[in-house]
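These notes concern the structure reproduced below.
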Amino acid sequence: MYNRIKRYLEQNVTQSRLEHSMATSRMCGYLCNLFGIDEAPGKIAGIAHDIARELHDNEKIALAEKDIYTTTPYEREHPVLLHGRAGAVLLSEQFSLSDEPVLQAVRWHTTGHTGMGVIGKILFVADYIEPGRTHIDDAYRQKILKMSLDAMVLEILSKEITHLRNSGNAIVEDSILLYDDLLNSGLKG
Ligand SMILES: [Fe+2]
Ligand SMILES: [Fe+2]
């Protein structure tokens, strides 16, 4: 599956997206090992997560509309928010990918989602901290890598929410709900 998806990306996305996807996959594998779970599904989630990121907006919307979760008007106005949902549908339709934790991880990687599983959390973190990401420095990356998985997700969510607020963007409900959930679970922000 990994190689099939990689070959598809080689034909269909930019080189920088391919490199980001491969680096995210490697970081997912690293985090799976760190937290003692099988790395294979994590690596597939990582290579696959942005498979729909470069589709035209109308293709993203059309695919996401086939998802089992309904889309909101705000998401349809900002289709980039739907690339995870569209990716999950594409992977299930065109690659017959049926590993539900992997599909869920891809589905919610942009915003996070309450009740997201371990693979979902690992992908959410890996997408943000893979070494090609220049918006964070290595000291911050190392700081994150010392945390528990939930604390990593909470740290990244709070950074993203602050960033969105400061840049005047809306914060989707999925992210707020996950943030509240993690805080209420006893983690300190
Ligand atoms: Fe993405
Ligand atoms: Fe990504």
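Given R₀ = 30 Å, what would the calculated FRET efficiency be for residue 177 paired with residue 11, taking r from the Cβ atoms and rounding to 0.05?
According to the calculation, E is roughly 0.25.
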- [ ] Over the chain, calculate the relative contact order: mean separation of alpha carbon pairs under 8 Å at least 6 apart, over the residue count, as a percent.
- [x] 18
- [ ] Just the number, please: carbon plus sulfur as a percent of the accessible area of the chain, 1.4 Å probe, no ligands or DNA/RNA counted.
- [x] 50
Open item on the list: How many angstrom lie between the Cα centre of the stretch 124-144 and the Cα centre of the stretch 1-58?
Closed with: 16
Task: Kirkwood Rh, angstrom, the stretch 2-136 [1 / mean 1/r, Cα pairs] - done: 14.5
Task: Average accessible surface area per residue within the stretch 2-136, 1.4 Å rolling probe, Å² - done: 45
- [ ] First check a/c for the stretch 76-177, with a ≥ b ≥ c the square roots of the eigenvalues of its C-alpha gyration tensor; if it is under 1.5, answer rounded, and if not, answer prolate when a/b is larger than b/c or oblate otherwise.
- [x] oblate
- [ ] Please give, to one decimal in nm, the separation of the simple spin-label points placed at residue 56 and residue 140, each 7 Å out from Cα toward the Cβ.
- [x] 3.6
Task: Cα-projected label distance for residue 147 with residue 100, points at 7 Å along beta-carbon direction, nm - done: 2.8
Open item on the list: Over the chain, with a Gaussian network built from C-alpha contacts below 10 Å, which listed residue (34, 149, 18) shows the highest mean-square fluctuation?
Closed with: 34
- [ ] Please build a GNM for the chain, connecting alpha carbons under 10 Å apart, and tell me which residue among 17, 76, 165 fluctuates the most.
- [x] 165
Task: Cα lying deepest toward the dipole's positive end in the stretch 2-136, options 103, 118, 32, charges on Cβ - done: 32
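Per-residue ellipticity at 222 nm for the chain, helices alone: DSSP H runs ≥ 4 residues times -39500 (n - 2.57), over residue total, nearest 500 deg cm²/dmol?
-20000 deg cm²/dmol
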TODO: For residue 38 and residue 68, compute 0.36 nm times the residue count separating them, minus their Cα-Cα distance, and round to one decimal in nm.
DONE: 8.1 nm
TODO: Identify which of 115, 46, 168 has the largest mean-square fluctuation in a Gaussian network model of the chain, with springs joining Cα atoms closer than 10 Å.
DONE: 168
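The values are calculated or read from the model by the stated rules, or taken from the named source; none is laboratory data. A quick note: this is a predicted structure, and the numbers were derived from the prediction, not measured. So basically every Cβ, Gly included, is an ideal-geometry build from the backbone, and we count neighbours across all protein chains shown. Areas reflect the complete protein model, heavy atoms only, side chains present, ligands, DNA and RNA absent. Shrake-Rupley method; radii C 1.70, N 1.55, O 1.52, S 1.80 Å.
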